[in-house]
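The values are calculated or read from the model by the stated rules, or taken from the named source; none is laboratory data. What you see is a predicted model; the values in this text were computed from it and never measured. Heads up, the Cβs are rebuilt from the backbone with ideal geometry, glycines too, and the neighbour counts pull from every protein chain shown. When the accessible area is computed, the model is the full protein with side chains, heavy atoms only, and any ligands, DNA or RNA have been set aside. Shrake-Rupley method; radii C 1.70, N 1.55, O 1.52, S 1.80 Å.
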Amino acid sequence: QNITCWRKKFLETFFSNVLHGVLDVSSDWRLNDHHFSPLLHSAPHVSQLTLCNMLQGAVELAAEHNQKVLENLAGSLRILKFQHLLSSDQSIRHPLVLLLHRLIHHGSVSHVSVYSWPVPDTVLLVLILSMSAGFWRSGSALAYQSSPCGLCREDIAQSQELAQERAERGRSDEREWSDWENQKRCLRATEEANAEVNGCGADNHLNSIPSGLRSPPLQNEACSEASSKVPCDHTSIQGGFSPRCISDQLSCHAVLRKTRRRLRSAVGKKRRCLRRSRGPYADPEDLYDFVFTVAREDNSVLLNKSSTTEGENGENWTSSSPGSPCTGHAGCKKRGGSAGIFPLKAARRFRSVSTLELFSIPLTGETCQTLSNLLSSWVSLENLVLSYNGLGANIFCILSGLRALSCHSDCRLRVVRVSDVFSHMPCMDLVRCILSTFPQLHALSVGFDLKNQLEEDTPEGNPSCSEAEILESCLQQLEIRFPREPLHTAFLLPVLKASKSLQQLSLDSATLPSSQELGLLLEALKECNPNLRKLSFHDVNLAEHQKEVLLLLQDPVLQEITLSFCRLFESSTTEFLSEIINTVKRNSSLKSLRLPGNRLGNHRLVALADIFSEDSSSSLCQLDVSSNCIKPDGLLAFTKKLEGHIQQRRGQIQFTHLRLFQNWLDQDAETAQEALRRLRAVCSVVSDSWDSSQAFADYISVM
């Protein structure tokens, strides 16, 4: 691990050990002090936390006396892991809910991983997934008020205050509007009386009404103009006007001036509020409505969908409606009645995590359906890792959820990694299907160990996926682990053409159907991917492709080449090794060469030291010769030869890293230590204390 701060690492480990009971605080007099809380002291330094077994740690953290600890964790914790979980009773779920709610919904956790759960508790797993996606089935707002989460209570109190202010504002506007109407009727009655006394007709009466009173008051000037038309001379008293009437009119206009200024914006606000009241929420600026908008949307999908669901207005809608991900593929059967699955309309939407990882957890059809529906609206998700989950045909259900997610303009998904034991469809079909759905992906990894026996052994694979059109993608990293499938460049070519920004390509466990296939692939990479910097082949038999290997090592663009367990020297001659060394010596762009598992042996390792000879223009910095049957005497000979080249070049060498994992260095510990000591004066050496005899016994036992 690359540990940048040992103090933080220590306190993080200290917190975990105290929480899980590994470290007994009571046994140390320095820590056993009622004025000192080890958890509270170290919580601000914890960025990664692992909960195991029966979730005892979750129960402890959710306890009332650890409320301050949980608050500190909410600000510091970024990664939350669940490992080796066991089925638990219902008493565990409530503390877990409170913990997840505080750390994810009101905290800083952005990464949730679940590891090694051979027999998962469906209810518990769905709970972790749904709360990671930002959902919490809380029921009504009253459930929040009775909840120990003070942040939720504050949200509700604030939303209620805003709602009360709007209601009071509305009542005030209505009163002002009513006063204005009464004043308008008062003036009209006064003008009618004046018209009768003066013998004026109806037309004169209409003209005598101030213009500002014929329509709702929109301008302040209208009021002043109207008041100037009202006779206020004392001579008009003989004409039927009394001083009291004139005074009433003047006071009425004075009130109107103030009222109009207040009602100018009130009229518009009232109309807007009336329009908003017809929608799903009253005011988008309301914090409560903003947080829970997703839960109130009419087109929210259900986690436990049947083929048709009765809507709130009595209308039926099917699961294939727009935005609903799972359409019932094979292996994604509609099931109902699980206690752990609930409709999204019954849940509240909170902050969600950006990374979800599920390792070695069998996912049933029901759980896959749940995950699919969660994925369909999980717009904050950036990294999705599904590894060894026994998906089978349920992969189509997951793809359906991803397809629905891609319809969101604010979708952030950039990394998808899927691996399993059995493949239900050819790897290239799955790659094309995912890329056609998510061309904005930056990294895609697809890998399977074995081919499903039920799958037809044809290169065409699944027509619906193999024919998927791939638009220009943003893909930068592509990893494919084939279950001993033939590598057809024709099927990979559309992906390469669409991925102009591809920088890393890794092909694992593929078989080459013909001797020309590797050459075609290298030509395609050269034409379609000018930005490719790292190319890796693992467990691909290259023993009969020596010409193509030399062409690969000559590439002027590649900076890192990995040929691991590719049987390079299985049937090669001494000339082939010399050609490899000369090719690397002339390549000034290659920075890293990884050759683990190729049976180099002592003599070939010693020969590789010539890469750094005086006449070399190589810029090689890293060399990996792990798992190559290297013995201590061979390593010492390589070291001495390397030292000689360095002296000839007067120390002008860029070689910095050497990897030596799983070699036979334990056969002569003294010689090995001398070689390693001298090597570390030249470069950084990474090795291990590998027991070669035990490894050989294990190899024999599985033959």
Residue count for region 502-519, restricted to those that are at pLDDT 95 or above and not hydrophobic (A, V, I, L, M, F, W, C):
4
Given the residues Val114, Val119, which is the only one that is touching a strand residue (DSSP E or B) at 6+ places or on another chain (Cβ under 6 Å), outside any helix (DSSP H, G or I) and not small (Gly, Ala, Ser)?
Val114
Failed item, numbered, when Val119 is tested on (1) modelled with pLDDT of 90 or more; (2) under 25 Å from the mean Cα position of the chain (by Cα):
(2)
Residue satisfying condition, being loosely packed, with under 14 Cβ neighbours inside 10 Å and among the hydroxyl-bearing types (Ser, Thr, Tyr), within set Ser627, Ser617:
Ser617
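Rundown of residues vs (1) within 34 Å of the chain's Cα centre (by Cα); (2) within 18 Å of Thr370 (Cα to Cα); (3) modelled with pLDDT under 65; (4) not aliphatic (A, V, I, L, M), yes/no style:
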residue: Leu129; (1), (2), (3), (4): yes, yes, no, no
residue: Pro148; (1), (2), (3), (4): yes, no, yes, yes
residue: Leu151; (1), (2), (3), (4): yes, no, no, no
residue: Ala167; (1), (2), (3), (4): no, no, no, no
residue: Glu176; (1), (2), (3), (4): no, no, no, yes
residue: Gln183; (1), (2), (3), (4): no, no, no, yes
residue: Leu187; (1), (2), (3), (4): no, no, no, no
Where Val416 falls short, out of the listed (1) in contact with a strand residue (DSSP E or B) (Cβ under 8 Å, 6 or more places away or on another chain); (2) assigned to a helix (DSSP H, G or I); (3) among the β-branched types (Val, Ile, Thr):
(2)
Conditions (1) surrounded by 13 or more Cβ atoms within 10 Å (Cβ to Cβ); (2) within 25 Å of Glu357 (Cα to Cα): number failed by Thr4
(1)
A careful count of residues in region 366-390 that are open to solvent by 10 Å² or more (accessible area, probe 1.4 Å) and of a type outside the set (Asp, Glu) gives 8
Among (1) surrounded by fewer than 20 Cβ atoms within 10 Å (Cβ to Cβ); (2) modelled with pLDDT of 95 or more, which single condition is Leu478 missing?
(1)
Leu51: passes all of (1) open to solvent by 30 Å² or more (accessible area, probe 1.4 Å); (2) among the aliphatic types (A, V, I, L, M); (3) closer than 21 Å to Val22 by Cα but (1)
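Out of everything in region 595-619 that is touching a Lys or Arg at 6+ places or on another chain (Cβ under 8 Å) and more than 24 Å from Gln652 (Cβ to Cβ), what residue ends up being modelled with the lowest pLDDT?
So the residue we want is Arg599.
Based on what the data block shows, is Val97 hydrophobic (A, V, I, L, M, F, W, C), buried (at least 17 other Cβ atoms within 10 Å of the Cβ) and not in a helix (DSSP H, G or I)? Reasoning before the result, please.
Details: hydrophobic (A, V, I, L, M, F, W, C): yes; buried (at least 17 other Cβ atoms within 10 Å of the Cβ): yes; not in a helix (DSSP H, G or I): no.
Spelling it out, it is not the case that Val97 is hydrophobic (A, V, I, L, M, F, W, C), buried (at least 17 other Cβ atoms within 10 Å of the Cβ) and not in a helix (DSSP H, G or I).
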Out of curiosity, is Ser409 at pLDDT below 95, surrounded by 22 or more Cβ atoms within 10 Å (Cβ to Cβ) and outside any helix (DSSP H, G or I)?
no
Which of (1) open to solvent by less than 70 Å² (accessible area, probe 1.4 Å); (2) in contact with a strand residue (DSSP E or B) (Cβ under 7 Å, 6 or more places away or on another chain) is the odd one out, the single condition Gly21 does not satisfy?
(2)
I'm trying to understand the selection: among the residues of region 14-40, which are touching a helix residue (DSSP H, G or I) at 6+ places or on another chain (Cβ under 8 Å) and free of Cβ contacts under 8 Å to residues at least 24 places away in the same chain?
Val22, Leu23, Val25, Leu31, Asn32
Would you confirm whether any residue within region 636-655 is open to solvent by 40 Å² or more (accessible area, probe 1.4 Å) and within 40 Å of the chain's Cα centre (by Cα)?
yes
I'd like to check something: does region 25-36 contain any residue that is among the hydroxyl-bearing types (Ser, Thr, Tyr), outside any strand (DSSP E or B) and at pLDDT below 90?
yes
Between residues in region 670-695 that are under 18 Å from Asn628 (Cβ atoms) and not assigned by the TED database to the domain that holds Gly651 and residues that are outside any loop (DSSP other than H, G, I, E, B) and open to solvent by less than 30 Å² (accessible area, probe 1.4 Å), which pairs lie under 9 Å by C-beta distance while being six or more apart or on different chains?
none
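Table: residues versus (1) open to solvent by less than 60 Å² (accessible area, probe 1.4 Å); (2) not in a loop (DSSP other than H, G, I, E, B).
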| position | (1), (2) |
| --- | --- |
| Pro513 | no, no |
| Leu521 | yes, yes |
| Leu525 | yes, yes |
| Phe537 | yes, yes |
| Glu544 | no, no |
| Val549 | yes, yes |
| Leu552 | yes, yes |
| Asp555 | yes, no |
| Leu563 | yes, yes |
Scan region 61-77 residue by residue and report those that are under 15 Å from Gln48 (Cβ atoms), free of Cβ contacts under 8 Å to residues at least 40 places away in the same chain and open to solvent by less than 10 Å² (accessible area, probe 1.4 Å).
Leu73, Ala74, Leu77
